[in-house]
Amino acid sequence: MLASRFWYVVLALVLGASLFVLQLATSMYNRAGLRAMDEGLSSDSQVVSWYLRNDARERSAQLIKFALNQDIAKDLQKASGSEDKVPDDVRARVLAALKKVNQEIPEEDAFDAVFAVDQHGRVVAHLGYDQASGMSDFELGGYPVVADALHGYVRDDTLQLDRLYRVVARPVEFDLGSLPAGAVVGARVVDQRFARVLSQRTGAAVAFYMDGASTVSAAPEGFDRTQLDQINSDLSALAEDESYQKLGRSSARMIGGNVRVVYSLLPGEAGQLGAGYVVGRLPAHVSSPFDFFRQADDKDKAQVNLVLVVGVALGAALLGLLFSFFEHTQPINSFRAESVRLAKGEVDQLTPSKFRGVFRKIASDINDGVDALVAKGGGSPRRAADLGKVLGDIPDQPVMSAFSFPGDTSAAAPASVPASEVSPEPARALPSPPGARSLPKPKPAAGAAEPAPAATAPAGPAGGPPAPPRREPPKPPGPPERASGNGEVGDEQAEWQKVYQDFVATKQQCGEKTEGFTYEKFEQTLKKNREALMARHQCSRVKFSVYVKDGKAALKASPIKD
């Protein structure tokens, strides 16, 4: 499962890196968008200031028509000569003249209010300012913009009356050698229409405020104009804005958590009283990496290389499926097939060498569990394994010997030898391993030739005592002698003990380990295979012998028919 696990790690790292890049891109996008928006708001504020000045110049040009009207100039001169009260007939003639000239002005340049002021600052007549109707003592001479016009200057200003007004004033000349006869003042209300024009020109939301509260506002499409009402709670904090206090324009500020604004004071007297305007924009902000998908339009999506994206996704999925098939599905299918064979009785145990990884351990545990259950339940022993499977060739990896036992991991399995190719004569006995215990010689079977007597100890030198017998190397410990009433069974046991000793000695000569290699397990295996061969070949007994194959100890079995 190494490749699959490695692939999982790779995918996890790619996913983590992707999320990191998206989070990084979100932060960078928001920061860049905020910086760009602050620059845009500063530009919007300058555009509004430029528009106010330009509008004043254009409207002051319209006042020329009032200033050059001789009826207005003559009657203003008469009103200025009266110290006590402006005559009613003079008021009437000036009002009629104002109405006549006002009709000549285009609608888009028309004033919301027009005032004719004499040298004393008294309003002789006016149009559009209903608040002054019926007031005979209404004056404007105290405002700097009007006072400058009475002294011959053209001025503009923003006045804070009942509402905010953009005002332009121009002197009215009657006698070129004397002071102006008076002045005409044109005023435009800073209302919803005025704010809408500014919003269209800047593309930003625009609002005007005075006395610490918003008066009018306008916003482009997609901007909720009511969001600008939040400036009412933010105006009190402008006292702490150093840029606003010194330069008349604040730094960019966030109000309500979703609107970015810049405050600016209005030029003139209204600005000195704290009146101003504010421009605002919604920040280009993404709240999460997935918010990119919501804000992206069709043009953005068209720039994505879908072929590359789909190809990478399919390639990664295909590799994952291949790894999963070879390291998960295929081993499970093999284990399932062997389990079905075990359930049907085709085999009496699983073969761990057929499996890989954890399945090999599971197969070994199942085999051990079956053996434990059979031994505990007292049931019939498992049928003998096929000799070809037990003594036959096993793949070179891992290398094991026939009749491998727990702890024996270095032996190799011998090849199965057909009975017809095996000589009935016993294999030549090999020297016993050092330390092995000497066992009694087996009795010859019926009809078999008597074994040759052991050689006597050689004689010593002439006239001397005989030489001591040669000491045989110790043999491996064998099983305790078992009492048996049957001579044939006793002969077979002795023969198997001899085979066991030869097999151990051969393994030691070949450099193989013998720890944990017990006679009881060896005997059990021989019994199973003896029964299988006797049933298959209809023989009376089976003879086992030891030989060396490929540098490893091996066994061969020869069926014998009496």
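The values are calculated or read from the model by the stated rules, or taken from the named source; none is laboratory data. What you see is a predicted model, and the numbers here were worked out from it, not measured in a lab. Glycine also receives a Cβ, built like all others from the backbone with ideal geometry; neighbour counts cover every protein chain displayed.
General remarks:
- Listed by first and then second residue, the pairs linking a residue in the range 216-232 that is assigned by TED's automatic domain parsing to the domain that holds residue 276 to a residue that is modelled with pLDDT under 85 and of a type in the set (D, E, K, R), with Cβ atoms under 7 Å apart and 6 or more places separating them unless they lie on different chains, are 217/225; 218/225; 219/225.
- Selection count, the range 532-562, where residues are more than 30 Å from residue 512 (Cα to Cα), out of contact with any Cys (no Cβ under 6 Å at 6 or more places or on another chain) and in a loop (DSSP other than H, G, I, E, B): 4
- Subset tally (residues that are within 30 Å of residue 124 (Cα to Cα) and either in contact with a His (Cβ under 8 Å, 6 or more places away or on another chain) or polar (S, T, N, Q) (or both)) for the range 174-209: 4
- Selection status of residue 73, within 18 Å of residue 174 (Cα to Cα) and either loosely packed, with under 13 Cβ neighbours inside 10 Å or among the hydrophobic types (A, V, I, L, M, F, W, C) (or both): yes
- Flag set for residue 505, criterion: assigned to a helix (DSSP H, G or I), farther than 20 Å from residue 348 by Cβ and touching a Pro at 6+ places or on another chain (Cβ under 6 Å).
- Scanning the range 93-113 for residues that are over 25 Å from residue 161 (Cβ atoms) and either in contact (Cβ under 8 Å) with a residue 12 or more places away in the chain or surrounded by 12 or more Cβ atoms within 10 Å (Cβ to Cβ) (or both) yields 93, 96, 100, 104.
- Filter pass, residue 327 being assigned by TED's automatic domain parsing to the domain that holds residue 199 and acidic (Asp, Glu): no
- Those strands (runs of 3 or more DSSP E) of the range 234-349 in which 1 or more residues are surrounded by 12 or more Cβ atoms within 10 Å (Cβ to Cβ), hydrophobic (A, V, I, L, M, F, W, C) and more than 37 Å from the chain's Cα centre (by Cα) occupy 259-265, 276-281.
- Long-range neighbours under 9 Å by Cβ, at least six apart or interchain, first residue of a type in the set (S, T, N, Q) within the range 261-282, second in a strand (DSSP E or B): 264/249; 264/276; 264/277; 264/278; 264/279; 272/265
- In the range 58-87, residue nearest to residue 206 (Cα to Cα) [restricted to those that are in a helix (DSSP H, G or I) and without any contact (Cβ under 8 Å) to a residue 24 or more places away in the chain]: 61
- Selected residue [within 60 Å of the chain's Cα centre (by Cα) and either surrounded by fewer than 17 Cβ atoms within 10 Å (Cβ to Cβ) or not hydrophobic (A, V, I, L, M, F, W, C) (or both)] from 41, 52, 68, 34: 34
- Which numbered condition residue 206 fails, given (1) more than 13 Å from residue 277 (Cα to Cα); (2) in contact with a Ser or Thr (Cβ under 9 Å, 6 or more places away or on another chain); (3) buried (at least 22 other Cβ atoms within 10 Å of the Cβ); (4) of a type outside the set (Gly, Ala, Ser): (1)
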